[in-house]
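Have a look at the structure below, then the notes.
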Amino acid sequence: MEFLSYISLTFIPLLIGFILLYGTYKRVPTYESFVEGGKEGIKIAVSIIPFLVGMLVAISVFRASGALDALMNLLRPLMKSIGVPEEIAPLIFIRPISGTAALGMTSDLIANYGPDTFIGRLASVLQGSTDTTFYVLTVYFGAVGIKKMGDALKVGLLADVVGIIISIVVVIFFFGTN
Amino acid sequence: MVNYIWVLITVIGIIFALFNGTIGDVNKAVFDGAKEAVTICIGLISVLVFWLGMMRIAEESGLLEKLSRLFRPLVKLLFPEVPVNHPAMGYILSNMISNMFGLGNAATPLGIKAMEELKKLNGEKNSASRSMVTFLAINTASITIIPTTVIAIRMNYHSVSPTEIVVPTIITTLLSAIGAVLIDRYFYYRRRRKG
């Protein structure tokens, strides 16, 4: 495992070095290409702003009003009845909506219940194996100006539900429910 | 659909706040949310500029094409509509690989480039194509090999074994990615039946 985290640390510098050397070897005008490609990055970042402002304002209004908490309280008994600890229910709802909030909640759960408990482990696996669906959708589709999302949101959210169920099963399988 | 969801979330929040006495918080949340969005985008500039610059070199030197040749069978299975030599393939693959190593910073620019190429394939239409929906499904399921952030948090709180969740996370992420692809396929065939 130490080896794995070492790889992930060295991966980026090595990749950069490799791309540069390979580009030079293939006689690509490296610096000029870099600048040309980079210019595109500025355009993309600026073009995402309105999409993200719209989405994040809606989500923060929903959260600040207390509506999200109310919804979670409503769904808590349901979650509990299928074997999800009550404490982890809020994380499940916040994960697809807000990345920062989910990360905060995960650290909170790990701090309060300990990393080596059922709740701590489940929060860890959930955090690691899912992504913020709304954010991914907004940024990716926003950047290229897709207005009709088709089934993307439905598919993304259903995939989240499946991911959550699988993480519960896998954590119980590996560590039990202690 | 996104229009309705967007309005619904906002309006429910405002109405709820009126009854809940949290209208002051909501007032603040409007501006905080907008500010956070701009902060995220500004933060993205550095990452986007750097990785798109690097990727331009990788593209011009033929590295991206080499990469897509390596994983061609898998990606062909996932994205039957994308021609094998299309640049979209290279971007899709680099995005997936960056995600696997938890390089979210590098993954986003590549994902956006992939989307751009997929849009070109789709005749520059404003609606999401089949491949775009598949690509998003895989991304939201987020295939991870090393969940670095989570490991860091676990270390912080003195876990006996901070990395014990790596294998369960890999298994979960693989299974849920397969699940995501199956769900995606189900919706695709349902759309087709409807015409």
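The table that follows gives values for the structure above.
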| item | result |
| --- | --- |
| Residue within region B:123-130 that is open to solvent by 10 Å² or more (accessible area, probe 1.4 Å), modelled with pLDDT of 90 or more, charged (D, E, K, R) and closer than 30 Å to B:THR149 by Cα present | no |
| Complete set of residues in region B:49-97 that are of a type outside the set (S, T, N, Q) and not in a helix (DSSP H, G or I) | B:GLY62, B:PHE71, B:PHE79, B:PRO80, B:GLU81, B:VAL82, B:PRO83, B:VAL84, B:HIS86 |
| Filter pass, B:GLU36 being open to solvent by 20 Å² or more (accessible area, probe 1.4 Å), on the phi < 0 side of the Ramachandran plot, among the charged types (D, E, K, R) and in contact with a Leu (Cβ under 8 Å, 6 or more places away or on another chain) | yes |
| Pair list, Cβ < 9 Å and 6+ apart or interchain, from region A:1-26 residues that are at pLDDT below 65 to residues that are crowded, with 16+ Cβ neighbours inside 10 Å and among the hydroxyl-bearing types (Ser, Thr, Tyr) | A:MET1/B:THR163; A:GLU2/B:THR163; A:LEU4/B:THR163; A:SER5/B:THR148; A:SER5/B:THR163; A:SER8/B:THR148 |
| Matching residues in region A:150-162 - criterion: being open to solvent by 20 Å² or more (accessible area, probe 1.4 Å) and in contact with a Ser or Thr (Cβ under 8 Å, 6 or more places away or on another chain) | A:GLY150, A:LEU157, A:VAL162 |
| Test for A:GLY83: is it open to solvent by less than 80 Å² (accessible area, probe 1.4 Å) and at pLDDT below 85 | yes |
| Verdict on B:ASN27 being surrounded by 13 or more Cβ atoms within 10 Å (Cβ to Cβ), of a type in the set (S, T, N, Q), more than 8 Å from chain A (Cβ to nearest Cβ) and over 28 Å from A:GLY150 (Cβ atoms) | yes |
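The values are calculated or read from the model by the stated rules, or taken from the named source; none is laboratory data. Source: prediction; values computed, not measured. Cβ sites come from the backbone with ideal geometry, for glycine too, and all protein chains shown count toward neighbours. Keep in mind that these areas ignore ligands, DNA and RNA; they rest on the heavy atoms of the full protein, side chains included. Shrake-Rupley method; radii C 1.70, N 1.55, O 1.52, S 1.80 Å.
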